[in-house]
Amino acid sequence: MRIVRTIAGLRAELAPIRGRQGPIGLVPTMGAFHDGHLSLIRRAREQCGVVVVSLFVNPTQFNDSGDLDVYPRDELRDAALADEIGADYLFATSVSVSGVSDGLEGEHRGREHFDGVATVVTKLLNMVGPEVAYFGQKDAQQALVIRRLVRDLDMPVRIEVCPTVRADDGLALSSRNARLSAAKRERATSLHRALRAIQDAVLAGERDPVAATEAALAELTSAGVEPEYLALVSTDTMTPVSRIEGDVLAVVAARVGPARLIDNALIQVPALAGNTTMRRP
Ligand code: PAJ
């Protein structure tokens, strides 16, 4: 694996091999790799001839400079892990960029958050020119913002969203989990339990989003966790649904001690015969 630090260097590396060694896959990251990141790199390795992993702790998407300061950084370890999986290039850059999405993360972290993500991902897609770029379902709204971005700008790239990787206790892996003490980590698992409670309620036939989130809220409250949001939203718009039907996304965000955590679960309501209205002949 080669480590490249400049845009010119990256372009020079990719120009002679573009179109010759199979598709180029890009995995954008902010480093501090865990199994979630590694699952994206593995998927890219399976599908692409050339795998580029970018590592850039993007200041424009941090609304809290304290969070940026303590964000874990360990390039040597990240490089070793990416190399082990067989990535071809680690594009480790510290270029700072200047600075989609109103609700949820946009509302709670500030609109600048997704503007920062969109800016840096556009830059990365332009620099690498990959056939495929890989993102995690854990950041569902981010994945949707990027799908929209690519569609609106007619960028010739396929966006692949990979499943959320979890620890044995159900907690979605995140670089920010490292900041949790054992007791706070236990509290953090309530996010996953809350999402499961929503799934259970829907399985039991609940179709009202407010009623379906009640049991979930109880899970959080009993763990002493107060959500920033807990909602059932449309998978297309990320805005709250008034009734649970088809595919909806259960989303939650909460601060647990020093870490702000997010998680989500797709809820699929099968179109049962009993739910469909009969057409008049
Ligand atoms: P970062 O938080 O480093 O995440 C990099 C990628 O890994 C994202 O696509 C994210 O959704 C995915 N990921 C994180 N945790 C995951 C998990 N538990 N399971 C599966 N995938 C997971 O997201 C970013 O960086 C940045 O916003 C970035 C897209 C790099 C732009 O700066």
Simple spin-label estimate for D152 and R11 in nanometres, 7 Å along Cα-Cβ = 2.6
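What is the Cα convex hull volume of the stretch 106-231 when expressed per residue in Å³?
Residue-normalised Cα hull volume stands at 146 Å³.
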Across the stretch 126-134, in residue order, what do the Karplus-derived ³J(HN,Hα) couplings come to in whole Hz, using 6.51 cos²θ - 1.76 cosθ + 1.60 with θ = phi - 60° and x for Gly and Pro?
-> 5, 5, 8, x, x, 6, 9, 10, 10
Carbon and sulfur: what percent of the chain's accessible surface (1.4 Å probe)?
-> 50
Whole number please: convex hull volume per residue of the Cα set in the chain, in Å³?
-> 155
Interchain or sequence-distant (5+) residues whose placed amide H lies within less than 5 Å of the amide H of Y229 are A253
Once phi is turned into ³J(HN,Hα) by the Karplus curve 6.51 cos²θ - 1.76 cosθ + 1.60 with θ = phi - 60°, what whole-Hz value does each residue of the stretch 233-244 show in order, with x for glycine and proline?
-> 10, 5, 6, 8, 10, 6, 9, x, 8, 8, 8, 8
Out of the DSSP beta bridges found with both residues in the chain, what percent are antiparallel (nearest 5)?
-> 50
The chain, helix-only ellipticity at 222 nm - DSSP H runs n ≥ 4, -39,500 (n - 2.57), divided by all residues, nearest 500 | -11500 deg cm²/dmol
Charge dipole (debye, nearest 20) of the stretch 2-162; +1 at Cβ of Lys and Arg, -1 at Cβ of Asp and Glu | 600
In debye to the nearest 20, how big a dipole does the stretch 123-281 give about its Cα centre with +1 on each Lys and Arg Cβ and -1 on each Asp and Glu Cβ?
-> 240
Among P227, V202, V150, pick out the residue whose Cα is farthest towards the positive end of the charge dipole of the chain, where Lys and Arg carry +1 and Asp and Glu carry -1 on C-beta, about the Cα centre.
-> V150
Listed residues L68, A87, P16: farthest to the positive end of the dipole of the stretch 1-96 (Cβ charges) = P16
Roughly how many debye, to the nearest 20, is the charge dipole of the chain about its Cα centre, given +1 on each Lys and Arg Cβ, -1 on each Asp and Glu Cβ, and no other charges?
-> 540
Over the stretch 177-243: Rg over Rh, Cα atoms, Kirkwood Rh | 1.03
Search the structure for amide H atoms under 5 Å from the amide H of C162, placed 1.01 Å from N in the peptide plane, and list their residues when 5 or more places away or on another chain.
-> F135, G136, Q137
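The values are calculated or read from the model by the stated rules, or taken from the named source; none is laboratory data. Predicted model, so just to flag it, every value in this text is computed and none were measured. All Cβ positions, glycine included, derive from the backbone under ideal geometry; neighbour counts span all protein chains shown. Just so you know, the surface numbers come from the protein's heavy atoms only, side chains and all, with ligands and any DNA or RNA stripped out. Shrake-Rupley method; radii C 1.70, N 1.55, O 1.52, S 1.80 Å.
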